[in-house]
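Below is one structure, written out as structure tokens; the observations come after it.
The values are calculated or read from the model by the stated rules, or taken from the named source; none is laboratory data. Quick caveat: nothing in here was measured; it's all calculated off a predicted structure. Heads up, the Cβs are rebuilt from the backbone with ideal geometry, glycines too, and the neighbour counts pull from every protein chain shown. Heavy atoms of the whole protein, side chains included, go into the accessibility calculation; ligands, DNA and RNA do not. Shrake-Rupley method; radii C 1.70, N 1.55, O 1.52, S 1.80 Å.
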Number of protein chains: 2
Amino acid sequence: MHRTKVRVVEEALDANNTIAAANRADFDRAGVRVVNFMSAPGAGKTMLLERVIADLDGVRAGVLEGDVQGSMDADRLAHLHVPVTQLNTDPGFGGECHLDANMVRSALPSLPLDDLDLLVIENVGNLVCPAEFRVGEDARVMVCSVTEGEDKPLKYPLMFRTCDLVLINKIDLLPHLEFEVDKLLYNLDAAHPGVSRMLVSAKTGEGVEAWRDWLMRVPVPANA
Amino acid sequence: MHRTKVRVVEEALDANNTIAAANRADFDRAGVRVVNFMSAPGAGKTMLLERVIADLDGVRAGVLEGDVQGSMDADRLAHLHVPVTQLNTDPGFGGECHLDANMVRSALPSLPLDDLDLLVIENVGNLVCPAEFRVGEDARVMVCSVTEGEDKPLKYPLMFRTCDLVLINKIDLLPHLEFEVDKLLYNLDAAHPGVSRMLVSAKTGEGVEAWRDWLMRVPVPANA
């Protein structure tokens, strides 16, 4: 039973990788760097984008906003006069809990790729399945809020293991939490030794300058 | 494309419901009430259980602990001398993002059902897919932390629409957040008009007494 299930998933991921490569080719043709931006619900992805996306020193950025339903986050970002496309994953039942390469591909015609240098794809809030599906990105960034506890790298290892940068958000709340940053960093290094990390607060702006700098110079992947 | 996908999902949910009914029959035979306990990662499910599960005034409770990997939460609860069974959803790739009826069924032989009055199934931390899969429960409880923002009922409507009780957790942090409880309640009533809700803090214990009382008298579903 489990064996069959794994094979079905492997086939689905294989198809996904084929479409991700097609997306990648389109991004390369247009000269666009792409970030797959992930986190649990409410960790602060949209606010961290609001902080920097309109002010990237000449880097022309756009956003593809993934949600089960609604366009609240897209509306927040559109106020900043950044090109934003909404992608909803709800086809009538509970909705998909992640973006896959084909969903992203379906949105490409509505994105002004030739006018962009950077595309940030804000994934559905979820620490499991978004990590399983490449969408053609150059880099993966995840947000981990200090209100979620120190154990998350151990409980959701694939997400932490496959990302290129971890933004540890809401550090303004540290004085009010029983949260040990060192314990989180220890668990983070257990899941993904040495991964880049930044302590930030979208609310106070602490650490946001480093996040902006990183986004302006999204690293090219090692296999590019 | 979408149509086919919906049909596949409908068939999967149909099979799931068949197995959920078999679980339900086993729970009824043993006289066990069952709660499907759900939230985003880090919202405080385990701590809310730690607060009450060993002290339910004669109600003999057990826990089925669902995680992608590891047994940290199960270990925390086992310290309270409550029967706990760990169910991991990771069969070799990224892991399943939810429990379904068949996974729960696979764990039933290791649960002392005849010695229990109440079984709490702590689902994988995720606001999307856990809501789609019935597992044979009497009631669904979700935890929504105030650190996640007021918009979650609008972004993850199925989860909020299908639950019987919403625990609004971490209210001890309200003085330090730009969070309006009234706005959350407004959005909650938009998703699920009149659903039972409790303001709680697992940390300070505020509101926990009402949660304990509710758990001791899990409502029988209307169709029972």
Filtered residue count, the stretch A:129-166, keeping only those that are closer than 28 Å to residue A:24 by Cβ, modelled with pLDDT of 95 or more and in contact with a Cys (Cβ under 7 Å, 6 or more places away or on another chain) | 4
Residue among B:187, B:126, B:169 that is within 11 Å of another protein chain (Cβ to nearest Cβ) and either over 16 Å from the mean Cα position of the chain (by Cα) or of a type in the set (A, V, I, L, M) (or both) | B:187
Are any residues in the stretch A:51-101 polar (S, T, N, Q) and buried (at least 18 other Cβ atoms within 10 Å of the Cβ), and if so, which ones?
-> A:85, A:86, A:89
Kindly indicate whether any position in the stretch A:37-46 is out of contact with any Ser or Thr (no Cβ under 7 Å at 6 or more places or on another chain), open to solvent by 20 Å² or more (accessible area, probe 1.4 Å) and either at pLDDT 95 or above or under 28 Å from residue A:198 (Cα atoms) (or both).
-> no
Among residues of the stretch A:154-190, those that are in contact (Cβ under 8 Å) with a residue 40 or more places away in the chain and out of contact with any helix residue (DSSP H, G or I) (no Cβ under 6 Å at 6 or more places or on another chain), counted | 6
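Would you mind finding the one in B:196, B:201 that is open to solvent by less than 40 Å² (accessible area, probe 1.4 Å) and within 20 Å of the chain's Cα centre (by Cα)?
B:201
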Go through the stretch B:171-224 and give me each residue that's among the small types (Gly, Ala, Ser) and in a loop (DSSP other than H, G, I, E, B).
-> B:194, B:201, B:202, B:205, B:207, B:222, B:224
Read through the list (1) part of a helix (DSSP H, G or I); (2) within 14 Å of chain A (Cβ to nearest Cβ); (3) among the acidic types (Asp, Glu), then give the number of the only condition that residue B:114 fails.
-> (2)
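Considering only residues of the stretch A:129-142 that are in a loop (DSSP other than H, G, I, E, B) and within 14 Å of chain B (Cβ to nearest Cβ), which is surrounded by the fewest Cβ atoms within 10 Å (Cβ to Cβ)?
Only one residue fits best here, namely A:134.
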Residues in the stretch B:174-182: is at least one more than 17 Å from the chain's Cα centre (by Cα), open to solvent by less than 50 Å² (accessible area, probe 1.4 Å) and not hydrophobic (A, V, I, L, M, F, W, C)?
-> no
Test each condition in (1) in contact with a strand residue (DSSP E or B) (Cβ under 7 Å, 6 or more places away or on another chain); (2) assigned to a helix (DSSP H, G or I); (3) more than 14 Å from chain A (Cβ to nearest Cβ) for residue B:48 and report the one that comes out false.
-> (3)
Breaking point among (1) surrounded by 20 or more Cβ atoms within 10 Å (Cβ to Cβ); (2) within 10 Å of another protein chain (Cβ to nearest Cβ); (3) within 17 Å of the chain's Cα centre (by Cα), for residue A:162 = (1)
